[in-house]
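What follows is one structure encoded as structure tokens, with my remarks underneath.
The values are calculated or read from the model by the stated rules, or taken from the named source; none is laboratory data. Note that the structure is predicted; figures quoted are calculated from it, not measured. Reconstructed Cβ throughout: ideal geometry from the backbone, glycine too, with neighbour counts over all protein chains shown. For the accessible areas, the whole protein counts, side chains as well, though only heavy atoms, and no ligand, DNA or RNA atoms are used. Shrake-Rupley method; radii C 1.70, N 1.55, O 1.52, S 1.80 Å.
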Amino acid sequence: MKKVKLKYGKTELEIELPEHAEILTPKLKPPDQDELEILNTALDNPIDSQKLENFLQKDDKVLIIVPDKTRKSRVDFILKSILTRIKNDNIKFLFANGTHAKQTENEKREILSDEIYDKFEVFENDAWSDDFIYFGKTKFGTEVFLNKLVSEADKILLIGSITHHYFAGFGGGAKLLVPGVASYKTAIQNHKLTLTQDGDINPNATNLKLEGNPVYEDIIEAFKLCRLKVVHLGVVLDETDKIVGAFFGDVIQSHKAGADFVNKFFTIPVNKKFDVVISSAGGFPKDVNFIQAHKSIHHSHYILKEGGYLFSFIECRVGIGSKTFLDWFKFKNPGEMKKHLLENYSMNGHTALSLQNKLKICNIIVRCELKNDLLEMMGLRTLDNFDMLKNLVGSIAVLTNASIYLPIYQGAL
């Protein structure tokens, strides 16, 4: 038997698998460098931008936008380097919650550090509030409403992680603005671009794709409409949450440089599909709720044979992560779901359709903390007994961190 440890929330679970199970990892590893050196190199060599010290003036009102608890970005560590450079105390912090739930004070402190949380004013985006300013409409029809703190700032710094994103191509960058600090209306209109006019999943709204991706292109157009004075620091974390890449400068170009880095070091070329795929989202916060954990399910299904079995380890400690997600599963007929998605789209509707599409071709069995009735509603089965994994037959692949590592099926050699 082969013993494998999988991250699950903030713990690890050990499973036993047949000896022939294959643990999939990228062929290339990022250079082994000191984290502080990586950050300083990025800050000293901006991409299509001034250095941070020159971009920010002494009397500027500065807004620093950071991810919420659903995105691991090592913000506290990064800010120690940033704040020693800019010599400015006229700073406000805004969490890019998007349409996510509010965070507790302890959660915000954990991200920023006690020192920063106590010293500066800290806010978080509430997509359902009235605290938004209208900037215009994109060619895709998205009405751009951003948090009013954006318009009150002289300069803005975006800090976040760059990762694969299953419908926006890559996370991070301008996504910290839309939907990060946007209104619910703006987020909905942008996310609906994941659908075709027939209500199917748009094939161009997918992993790794920026050019021609309607979701990404809409975000970029919205960003340009706002004419903000903003720079971006994007980092890439490995499976131990170590910073292995950093990219600073122009929002669009620094994000693209980070996306190229992720594409190079965090994809796994695969030449066959498997009867069984066993995957972990990579633990907290990647599996904090089902909406976040679904990204790892999506990645994993790419290398699964039709009719195969996906065993997904996703804790989901705070539940589903969406107020409207489960409503879509009352439509058991895919055609009916598509019709209602087009007419009455709500947040994460495309995720529900994507999950239903996967369930047409494979079986998804999960180990999580969600109640069985919720899993049954979504068409999922629960893994209660790890012993069954010892007796699996057929080809088996293991993805120990399926949120950050993307397997790419290239066809048989």
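Here are a few things to note about the model shown:
- The length gained by stretching the chain between MET377 and ASP198 to full extension, at 0.36 nm per residue less their Cα-Cα distance, is 62.0 nm.
- For the chain, the relative contact order works out to 21 percent when only alpha carbon pairs closer than 8 Å and six or more residues apart are counted.
- Choice from LEU52, LEU228, LEU208 showing the highest fluctuation, given a GNM over the chain with Cα pairs closer than 10 Å: LEU228
- Antiparallel bridges, percent of DSSP beta bridges restricted to the chain (to nearest 5): 35 percent
- Neighbour cut-off at most 14 other Cβ (10 Å), DSSP loop, GluC sites (Glu not before Pro), region 174-256: GLU211
- Excluding same-chain neighbours fewer than eight residues apart, the aspartates and glutamates reachable from LYS2 by a Cα-Cα span under 18 Å are GLU12, GLU14, GLU16, GLU19, GLU22, ASP275, ASP387.
- Counting lysine pairs in region 166-233 that sit 8 or more residues apart in sequence, or on different chains, and whose Cα atoms lie under 18 Å apart gives 6.
- Quarter the surface of the alpha carbon convex hull of region 84-125 and you get the mean projected area, 3.3 square nanometres.
- Simple point charges give the picture: +1 on the Cβ of Lys and Arg, -1 on the Cβ of Asp and Glu, and for region 1-92 a dipole about the Cα centre of about 300 debye.
- Here the chain has 47 percent of its accessible surface on carbon and sulfur atoms, given a 1.4 Å probe and all protein chains in place.
- Each Lys and Arg Cβ is given +1 and each Asp and Glu Cβ -1; about its Cα centre, the chain then shows a dipole of about 740 debye.
- Rg/Rg_ref, region 216-308, where Rg_ref = 2.2 N^0.38 Å and atoms are Cα: 1.36
- Under the Debye formula (equal points on every Cα, no solvent term), log10 I(q)/I(0) of region 1-121 at q = 0.15 Å⁻¹: -0.91
- 20 Å reach of a label modelled at THR240, 7 Å along Cα-to-Cβ, counting backbone N of region 65-101: 72-78
- Helix content alone sets the calculated 222 nm mean residue ellipticity of the chain: runs of n ≥ 4 DSSP H residues at -39500 (n - 2.57) each, divided across all residues, give -8500 deg cm²/dmol.
- Cα long-axis angle, helix 35-44 against the chain (0 to 90 degrees, to the nearest 10): 50 degrees
- DSSP beta bridges confined to region 1-145 are antiparallel in about 50 percent of cases.
- Centre separation in Å (Cα based) which lies between region 60-100 and region 315-355: 32 Å
- With Cα atoms, 0 to 90° folded angle of helix 334-343 axis to the chain main axis: 10 degrees
- The lysines within cross-link reach of LYS360, meaning a Cα-to-Cα straight distance under 21 Å and a gap of 8 or more places when in the same chain, are LYS272, LYS273, LYS295, LYS305, LYS330, LYS332, LYS338, LYS339.
- For region 107-167, the normalised intensity computed at q = 0.15, 0.18, 0.26, 0.30 Å⁻¹ comes to -0.72, -0.97, -1.19, -1.19 (log10 of I(q)/I(0), Debye sum over alpha carbons, equal scatterers, no solvent).
- The convex hull of the Cα atoms of region 365-404, projected and averaged over all directions, covers 3.9 nm².
- Toward the positive end of the charge dipole of the chain, with +1 on the Cβ of Lys and Arg and -1 on the Cβ of Asp and Glu, the farthest Cα among PRO26, ILE364, PHE247 is that of ILE364.
- Column: log10 I(q)/I(0), Debye, Cα scatterers of the chain, q = 0.06, 0.07, 0.11, 0.15 Å⁻¹: -0.23, -0.32, -0.81, -1.48
- Rough spin-label spacing in nm, given labels placed 7 Å along Cα→Cβ, for ASP48 and ASP131: 3.1 nm
- Restricting region 291-337 to trypsin sites (Lys or Arg not before Pro) in coil, as DSSP defines it, with at most 10 other Cβ within 10 Å: LYS332
- When the Gaussian network model of the chain links Cα atoms closer than 10 Å, the mean-square fluctuations of GLY212, GLY321, GLY249 top out at GLY212.
- Within a Gaussian network of the chain (alpha carbon springs, distance under 10 Å), most fluctuating of THR206, THR84, THR186: THR84
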